[in-house]
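Trainee: Could you have a look at this structure, given as structure tokens, before my questions?
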């Protein structure tokens, strides 16, 4: 992978991680178009996901610090409840990661027919939000589990993580401004854990096909574009503009299938 390919894919990752169009799906399509070996670039994928985690922390640093302070008061307050909801939402994806990691990795091989099909699934899920008119409820413990199950399906390339979690929250009646923030915060620990797992397991060092320069360029590109996309997406969810992303995902998914 050259530094230019890493730059392009990093920008794609940063933008699509927060927009409901599937960052993993777009990365797989991008790798195919650029001729990057999908099976040999898993380390790059982990690194750029780490960059978008960092951009999330920067955007929500005040909220994260407030949650940490409230939690360590060791009281049953709103911050403690919120953190428990995030923990509940993590359980499905942690289960998938622990017991089906190899099976999930087998989908990241540049199979555009599969990626395109999953993008169409994302499109349909986003389309359902157009018909949701009652969004007055705060996220409860059961909601957090349901949203977490949606996130677990998003380990597949083409299923948008932000799209599936935000759409699920809207469909079950959660407030749009609340579900957007929850969607972005709930992914922090799983991705950080996945990155640490690869570092401790030696996966980062074992990949000799990608040098430090492409990884660094990709990280910086994903971080900066992620900052912009995260702030933009929060505003879009509040305005209920997800139907346009539904149309986009359907078109891109169809193109991927046709030209696979």
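The values are calculated or read from the model by the stated rules, or taken from the named source; none is laboratory data. Because the structure is predicted, anything quoted here is derived from the model rather than measured. Note: ideal-geometry Cβ built from the backbone for every residue, glycine included; neighbour counts use all protein chains shown.
Let's see how each residue does on (1) touching a strand residue (DSSP E or B) at 6+ places or on another chain (Cβ under 8 Å); (2) surrounded by 14 or more Cβ atoms within 10 Å (Cβ to Cβ):
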position: 100; (1), (2): no, no
position: 120; (1), (2): no, yes
position: 127; (1), (2): no, yes
position: 131; (1), (2): no, no
position: 135; (1), (2): yes, yes
position: 145; (1), (2): no, yes
position: 153; (1), (2): no, yes
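Trainee: Sticking with this one: If we only count helices (runs of 4 or more DSSP H) wholly inside segment 20-94, which ones have 2 or more residues that are under 17 Å from the mean Cα position of the chain (by Cα) and touching a residue at least 12 places away in the same chain (Cβ under 8 Å)?
Mentor: In segment 20-94, 23-34, 42-59 are the helices (runs of 4 or more DSSP H) which contain 2 or more residues that are under 17 Å from the mean Cα position of the chain (by Cα) and touching a residue at least 12 places away in the same chain (Cβ under 8 Å).
Trainee: I would also like to ask the following. State the number of residues belonging to segment 221-251 that are within 18 Å of the chain's Cα centre (by Cα), surrounded by fewer than 16 Cβ atoms within 10 Å (Cβ to Cβ) and touching a residue at least 60 places away in the same chain (Cβ under 8 Å).
Mentor: 4
Trainee: Taking the conditions exactly as written (surrounded by fewer than 21 Cβ atoms within 10 Å (Cβ to Cβ) and either touching a strand residue (DSSP E or B) at 6+ places or on another chain (Cβ under 9 Å) or modelled with pLDDT of 90 or more (or both)), does residue 96 satisfy them or not?
Mentor: The answer is no for residue 96.
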